[in-house]
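Notes follow once the structure below has been shown.
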Amino acid sequence: MNTIQLQSIDDCSISTIPVARCADGNGTLTPLFFSDHVLDIARAKAICAKCALRVSCLDEALEREEPWGVWGGELLSGGRIVAHKRPGGRPPKRPRPPIIVNELGVVDPNETIDRVAV
């Protein structure tokens, strides 16, 4: 969860430059940000929500008119922000309950967490 990278400017000083949370250096998160699956898109948005570069990332993606993907915590399609991606297939007869997603995946809102007092 490194969000700041230290780079030396000269022999006497160090500058802190924010690093995007999605830039893991290996490209392992790239499929998550360009997926067609609703849960992957929600996870990508959750990762972006805590990023220091979220606003600039979104602004630059809109300026470049990125064709698709999650940029700056928003889903882009055709260079524009879309509210949500419809899953493939026929829509359900009854609305599905909202899915709560964090960076690690689906969170069960009914799950109780036992906390031990120290």
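Taken together, the values in this text are just the output of simple stated rules run on the coordinates, not laboratory data. Remember, it's a predicted structure, so these values are computed and weren't measured experimentally.
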- Item | Extended-chain gain in nm, criterion 0.36 nm per residue less alpha-carbon gap, Ile81 and Ala52 | 8.5 nm
- So what are the three principal axis dimensions of segment 23-107 from its Cα atoms, in whole Å, longest to shortest? 39, 27, 20
